[in-house]
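The values are calculated or read from the model by the stated rules, or taken from the named source; none is laboratory data. Owing to the predicted nature of the structure, the values given are computational and were not obtained by experimental measurement. Glycine gets a Cβ as well: all are built from the backbone with ideal geometry, and neighbour counts include every protein chain shown. With ligands, DNA and RNA removed, areas are computed over all heavy atoms of the protein, side chains included. Shrake-Rupley method; radii C 1.70, N 1.55, O 1.52, S 1.80 Å.
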Amino acid sequence: MKSGQYNPGRTFGQVKQNWGLYALLFPAVVLTLLFAYIPMYGVLIAFKDYSPALGIGESPWAGFKYFEKFFNSYQFSSTIKNTMIISLYSMITFPIPIILALMVNQMRPNRFRRFFQTVSYMPHFISTVVMVGLMMILLSPSTGMVGNLYSLFGKEAPDLMGSTSLFSSVYVWSDVWQHVGWDSIIFIAALSSVDPSLYEAATVDGASRWHKVRFIDIPMLMPTAITLLILRVGGLLGVGFEKVYLMQNDLNGTSSEILSTYVYKIGLLSSQYSFSSAINLFNTIINFILLIMVNQISKKYSENSLW
């Protein structure tokens, strides 16, 4: 048989030889099919005048009616704008976990390093509800820490949670504080795989600590960083729902209404299932296109890509 030609017997033999690994993989494949692929049938709702009484199959077709309705609605530009502002703002903070990982890597492996890493990881395990509750308490202009600091200088504290201009800043930087330690773990793991002989050779050549970071650590992190950056760009319009929804109030509504919160209000609160499905499908298609584009750009100008 020619090399490269498919051999069913050989494939079956490999599966039989590694049956244990395939047995471990089987539950994950089943769960992925059940919760990721089979529900894709529900995408049809976006193209139908869906009625729960008739079901997906019996509901009449509506074509692109709900897509056009969204594109022509006054909420289209504002929700896209707010989502893009928060997403692009979050992209600016992408290097912070890398910087933290480089800092931790420069520390000696002692108790202080372990304590520092533990403290930086802990906020990640705070639930979103508790996190937003803490923000409301600490940032309160009357009774919070910010309000007390301003009162010491005889100033009136701003309402950070109710400000339309500061909503994205409060969201992004609180997110950085909560997740920067956890996000740095993968970069710390990548740095731990660096061959120690590279540092020894650099020391012999007279390299400073900064030169080691610049010419050894950063190049070792680039493949991991590029992969994570591609994935983040692929979710550019997929800003998380829970935190934004909990931070919303009557004062910041014009700057806090994003695609995910709008879909929730239209779909579940107003029962406009087809309209909300069309908006969510539009969001997914844009994210998919961005993922393909960024991956192709990375593949063209570097050796790193998802496929």
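Numbers below:
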{"read-out": "Of all residues making up the range 228-247, the number that are assigned to a helix (DSSP H, G or I) and under 30 Å from Ala101 (Cβ atoms)", "value": "13"}
{"read-out": "Subset tally (residues that are open to solvent by 50 Å² or more (accessible area, probe 1.4 Å) and under 27 Å from Ile258 (Cβ atoms)) for the range 297-307", "value": "2"}
{"read-out": "Index of the failed condition, Ala225 passing every other in (1) assigned to a helix (DSSP H, G or I); (2) touching a Ser or Thr at 6+ places or on another chain (Cβ under 8 Å); (3) small (Gly, Ala, Ser)", "value": "(2)"}
{"read-out": "Single residue of Tyr41, Tyr74 found to be free of Cβ contacts under 8 Å to residues at least 40 places away in the same chain, hydroxyl-bearing (Ser, Thr, Tyr) and under 18 Å from Val263 (Cβ atoms)", "value": "Tyr74"}
{"read-out": "Checklist (1) open to solvent by less than 60 Å² (accessible area, probe 1.4 Å); (2) modelled with pLDDT of 90 or more applied to Leu31, failing item", "value": "(1)"}
{"read-out": "Hits in the range 248-260 (condition: over 12 Å from Ile80 (Cα atoms) and either outside any helix (DSSP H, G or I) or within 18 Å of the chain's Cα centre (by Cα) (or both))", "value": "Gln248, Asn249, Asp250, Leu251, Asn252"}
{"read-out": "Residue ID - surrounded by the fewest Cβ atoms within 10 Å (Cβ to Cβ), chosen from residues in the range 149-172 that are in a loop (DSSP other than H, G, I, E, B) and in contact (Cβ under 8 Å) with a residue 40 or more places away in the chain", "value": "Ser165"}
{"read-out": "Residues within the range 206-254 that are modelled with pLDDT of 90 or more, among the aromatic types (Phe, Trp, Tyr) and surrounded by 14 or more Cβ atoms within 10 Å (Cβ to Cβ), tallied", "value": "1"}
{"read-out": "Residue list for the range 41-65, restricted to those being of a type in the set (D, E, K, R) and farther than 18 Å from Leu281 by Cα", "value": "Glu58"}
{"read-out": "Failed item in (1) within 25 Å of Tyr66 (Cα to Cα); (2) touching a residue at least 60 places away in the same chain (Cβ under 8 Å), with Leu246 passing the rest", "value": "(1)"}
{"read-out": "Unique match (being open to solvent by less than 30 Å² (accessible area, probe 1.4 Å) and either in contact (Cβ under 8 Å) with a residue 12 or more places away in the chain or among the aromatic types (Phe, Trp, Tyr) (or both)) among Val119, Val146, Val129", "value": "Val146"}
{"read-out": "Some residue of the range 269-290 being open to solvent by less than 70 Å² (accessible area, probe 1.4 Å), among the aliphatic types (A, V, I, L, M), modelled with pLDDT under 90 and on the phi < 0 side of the Ramachandran plot", "value": "yes"}
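Here's the yes/no breakdown for (1) of a type in the set (Lys, Arg); (2) closer than 20 Å to Asp250 by Cα:
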{"residue": "Asn105", "(1), (2)": "no, no"}
{"residue": "Arg113", "(1), (2)": "yes, no"}
{"residue": "Val119", "(1), (2)": "no, no"}
{"residue": "Val130", "(1), (2)": "no, no"}
{"residue": "Ser142", "(1), (2)": "no, yes"}
